[in-house]
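Bear in mind that the values in this text are calculations on the coordinates, not laboratory data. Keep in mind that what you see is a predicted model, and the values were worked out from it rather than measured. Glycine gets a Cβ as well: all are built from the backbone with ideal geometry, and neighbour counts include every protein chain shown.
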Amino acid sequence: MANHSLLSPIIVVGMHRSGTSLLTNILQELGLFIGVQKDSNDESVFFQGINDWLLRSSGASWDYPLPVGLLFERTYLREISREYIESLMTSPRAVSFLGVSKYLRYRSISRMDVPWGWKDPRNTFTLPIWLEIFPNAKIIHVVRHGVDVANSLRTRQESETIRISAAYRKRRALYWLRPKKHGFTD
């Protein structure tokens, strides 16, 4: 794919809970477009889906990234992956990043003429393919001391446990009256 990008993307990388959300919020305030459909962490659903696909297709995950490196080492697999991702950039699926009006205007994410980019901790592992697609991309790597990241992850988990426990206590009588038919499986 010839990169027709008028402006190369800004790709934010860094560990979960390292400050990428804070940085991305500041960049948005300064005019960086990071997509229309975002999750609760301001991560573009479009790019998150691609990164998840790259990890899953190689047998990797965010907490076990090693196999994705093997995908990038095999030229044929890397080329197929790159071509697929490039096709997504111009497909109607790009509407989830661009929104309808920007999609109708640009027809491709790489043709945007406004500052744009995305953040996703998975970029840390998938960056090699993004740099093939966008060789002039600007990379911002957020680094936070590992102990602070671990403490933040623990605090978040504790908060989630407290929230779930409170919801359970609030509904405990309902669970007794109407037990889940399938146990704790989906």
Bridge type composition, the stretch 10-144 - antiparallel percent by DSSP, nearest 5 = 20
inquiry  = Can you tell me the convex hull volume per residue for the chain, based on C-alpha atoms, in Å³ to the nearest whole number?
reply    = 166
ask   = Taking the Cα centre of the chain as origin and charging only Cβ (+1 Lys, Arg; -1 Asp, Glu), how large is the dipole, in debye to the nearest 20?
value = 960
query = Taking the Cβ-Cβ separation of D148 and N41 as r and a Förster radius of 22 Å, what is the calculated FRET efficiency to the nearest 0.05?
reply = 0.80
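Could you calculate the FRET efficiency of V95 with D63 from 1/(1 + (r/R0)^6), where r is the beta carbon distance between them and R0 is 35 Å, rounded to 0.05?
Efficiency for this residue pair is about 0.70.
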key: Principal semi-axes in Å for the stretch 1-96 [√(5λ), Cα gyration tensor, largest first]   = 24, 19, 12
